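To keep things clear, I will list the structure first and then write my remarks on it.
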């Protein structure tokens, strides 16, 4: 059964050309820039500085760069995302084997649809890597605290901590927070308290040393901002159960499937009340802690965003752990498996449809030669089956110009110091704010670019552009115009 679910989870990654992940193309572009920096056919060395792949946030880039030695970069990116799915499969196998019960933990199958959570569609690749590692690390710490601590068990904890720290510092901080909860829960048992504290201590030291080394670069500034209104936090939490839709109407089929699944879980809890006592106390508290964190932590504290909402994916994983400890019997077991499979297949179909929307950009970018300066103006970055309030699936599709055609640059490369490739100091690229393309004025911005690529222009914008320049190509919602730099060169 796990093999079938694994195949279904990998299918939407390999069956499409472009993954429906918002920031994925940004991360893939980083790898492309790293791989091609010495290619004389491209102008990357003139425009970008390159930094080490060692340190936090870098594993996805390092892994994808390694795969790209053997396969094209698009396939390399898919292989790297596939590792996330395979890590979840290993986690399911580990949890199933560690179970001391006399039944098959069918509830662990929830990990498969939960893998395609909001952070997946937002394209936070490093954070995705960290999710199964977090559960691995917490389970390992829980087990290590219950037996005499050996050199091997201590070193194994250090390895999980190092892996978490490298994949995503925020998840590492979540690990420290939850391990602190575990330490507090063991106060009444002196031996367990000491073991838990010894396991936690290196993680705290690592985080403090890293923070000191970074100086003020990783310290939030200004005032924290919370999601307003508050109930939008709950809407975000419920997205996975409503097909990533709410404000534009929920995905009714997906919502019904999840509602029936919830009823099955509640019925199992009710009919097997004695078994509830054996559920993991730590992971139930961890799950509750994630709900509290969602409610009390801010959404933004510059330069960090989605602070409380990132924890939602962690909460799903803890929920899958708890449901995996329930005893599904007879017909209920069959119905549960069919429901989870239906949810997963529905997600697969939705991803395939959304991916086809990204295909629309290919005829447009193929009209441009390599090494061009392009100005993207994205008036509508939403996908048809996702709420535009939180999701902008097509926000960075223009990055595929650099990946597929090669060379050139655009003004919206991330400047975060966590990224291994950044603009050279002093590079001047005049551009309107990424989220305010309506501020574009031909005389102010167009002279710096060879081409201007536009998605979903408002009424009158195309005619405005055609009064200034030439429409080169049109495909779906995309329009390509000759920029002022190209006009001057001609």
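The values are calculated or read from the model by the stated rules, or taken from the named source; none is laboratory data. Computed from a predicted model, the values in this text were never measured in an experiment. Every residue, glycine as well, gets a Cβ built from its backbone with ideal geometry; the counts of neighbours run over all protein chains shown.
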Exercise for the section: Output yes when any residue across the range 24-41 is closer than 23 Å to residue 132 by Cβ, in contact with a helix residue (DSSP H, G or I) (Cβ under 7 Å, 6 or more places away or on another chain), in a loop (DSSP other than H, G, I, E, B) and modelled with pLDDT under 95, and no when none is. Expected result: no
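For (1) over 30 Å from residue 228 (Cα atoms); (2) over 25 Å from the mean Cα position of the chain (by Cα); (3) in the same structural domain as residue 210 (by TED's automatic domain parsing), each residue gets a yes or a no:
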site	(1), (2), (3)
381	no, no, no
395	no, no, no
398	yes, no, no
413	no, no, no
426	yes, yes, no
431	no, yes, no
461	yes, yes, no
475	yes, yes, no
Completion exercise
Sole miss for residue 92 among (1) crowded, with 16+ Cβ neighbours inside 10 Å; (2) in contact (Cβ under 8 Å) with a residue 60 or more places away in the chain; (3) within 16 Å of the chain's Cα centre (by Cα) is condition (3)
Practice task
Could you list, in sequence order, all residues of the range 455-475 that are under 29 Å from residue 354 (Cβ atoms) and touching a strand residue (DSSP E or B) at 6+ places or on another chain (Cβ under 9 Å)?
Solution key: 455, 456, 457, 461, 462, 465, 471, 472, 473, 474
Exercise for the section: All but one of (1) touching a strand residue (DSSP E or B) at 6+ places or on another chain (Cβ under 8 Å); (2) closer than 30 Å to residue 40 by Cβ; (3) part of a loop (DSSP other than H, G, I, E, B) hold for residue 381, so report the exception by its number. Expected result: (2)
Completion exercise
Flagged in the range 42-64 as in a helix (DSSP H, G or I) and either surrounded by fewer than 18 Cβ atoms within 10 Å (Cβ to Cβ) or free of Cβ contacts under 8 Å to residues at least 40 places away in the same chain (or both), in numbering order, are 45, 46, 62, 63, 64
Fill in the blank from the handout: Of the conditions (1) under 24 Å from residue 395 (Cα atoms); (2) surrounded by 18 or more Cβ atoms within 10 Å (Cβ to Cβ), the single one that residue 9 does not satisfy is (1)
Exercise for the section: Restrict the check to the range 315-331 and report whether at least one residue is more than 30 Å from residue 349 (Cβ to Cβ), surrounded by fewer than 18 Cβ atoms within 10 Å (Cβ to Cβ) and either in the same structural domain as residue 133 (by TED's automatic domain parsing) or at pLDDT below 90 (or both). Expected result: yes
Handout entry: Flag for residue 146 being assigned by TED's automatic domain parsing to the domain that holds residue 285 and closer than 28 Å to residue 83 by Cβ
Key = no
Completion exercise
For strands (runs of 3 or more DSSP E) lying entirely in the range 399-483, having 3 or more residues that are in contact with a helix residue (DSSP H, G or I) (Cβ under 8 Å, 6 or more places away or on another chain) and buried (at least 21 other Cβ atoms within 10 Å of the Cβ) picks out 451-455, 478-482
Practice task
Quick one: in the range 251-279, of everything that is at pLDDT below 90 and assigned to a loop (DSSP other than H, G, I, E, B), which residue is nearest to residue 322 (Cα to Cα)?
Solution key: 279
